[in-house]
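As structure tokens, the structure follows; a few thoughts come after it.
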Amino acid sequence: MKYIINTLYFLSGRIYVPTHLLGRKNVIMHISDTPSNIYASIIKLVKKINPKYIIHTGDIVDNIKLELYPNRLNEYKDYASIFISELVKYTSSRIIIVPGNHDNIDVIKKLDKIYIVEEGSSISIEDINIGVSHKINNLPKYKCDFYLYGHDKSKGNRNQLNGINSINIIDIESKNVFHLKYPMGTDNYRLLRTKIGI
């Protein structure tokens with residue numbers, strides 16, 4: 001039954017949140033490579049679970065490929081500031097951003113209530129040591145409890161969590177990880193395939 005409900009949410013462009021995640025106040029939410037087309041779904045998710053921390057491993061406006069189209073900087077700035085300002089409202093501690101290849105560090109620095117971390121760094125959140133990077137190859141080489149990254153569909157080992165494959169929720173107390181599906185069409189938006197042709 002849970003699979004059917006999850007699939008219905010996915011098909012309707014929403015993110016299914018299992019009831020056992022509701023009411024947990026001490027969680028980290030990890031996302032990556034977020035196209036603006038899914039912002040509403042992510043904001044609804046953040047309102048529901050009220051994470052203590054959000055870690056974004058790069059490409060905040062992934063449907064604007066700044067590395068390829070630097071002339072879209074103003075559009076990127078508008079989307080990024082709206083998205084982050086909404087997330088800040090429902091995050092009880094802070095938002096941590098590891099800039100990706102399609103981000104602009106100067107724009108990100110001007111966003112309120114965020115903490116920027118360099119790719120390949122580690123951060124300590126309460127008793128959890130977390131290695132962060134946009135790309136899997138740039139994760140720190142030293143031991144961490146979790147390694148968070150994005151950029152492509154690379155799969156790591158059990159404690160390497162790819163924010164493209166799923167939204168990762170880490171319970172800070174138990175260190176259990178829950179994987180939530182992004183809304184249907186997310187990968188198409190990331191790859192700029194938004195039109196259906198015959």
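Taken together, the values in this text are just the output of simple stated rules run on the coordinates, not laboratory data. These figures come from a predicted structure and were not determined experimentally. Neighbour counts run over all protein chains shown; Cβ positions are idealised from the backbone, glycine included.
Values computed for the structure shown
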read-out	value
Filtered residues of the range 65-115 (kept if aliphatic (A, V, I, L, M) and farther than 17 Å from His151 by Cα)	Leu73, Ala80, Ile82, Ile84, Leu87, Val88, Ile95, Val107, Ile108, Leu111, Ile114
One residue from Ile82, Ile43, Ile105, Ile4 being surrounded by 15 or more Cβ atoms within 10 Å (Cβ to Cβ) and on the phi < 0 side of the Ramachandran plot	Ile43
Filtered residues of the range 152-177 (kept if surrounded by fewer than 18 Cβ atoms within 10 Å (Cβ to Cβ) and either β-branched (Val, Ile, Thr) or touching a residue at least 24 places away in the same chain (Cβ under 8 Å) (or both))	Gln160, Asp171, Glu173, Lys175, Val177
Subset of the range 81-133 that is small (Gly, Ala, Ser) and closer than 13 Å to Ile60 by Cβ - its residue that is nearest to the chain's Cα centre (by Cα)	Gly100
Qualifying position, being touching a residue at least 24 places away in the same chain (Cβ under 8 Å) and in a helix (DSSP H, G or I), among Ser85, Ser92	Ser85
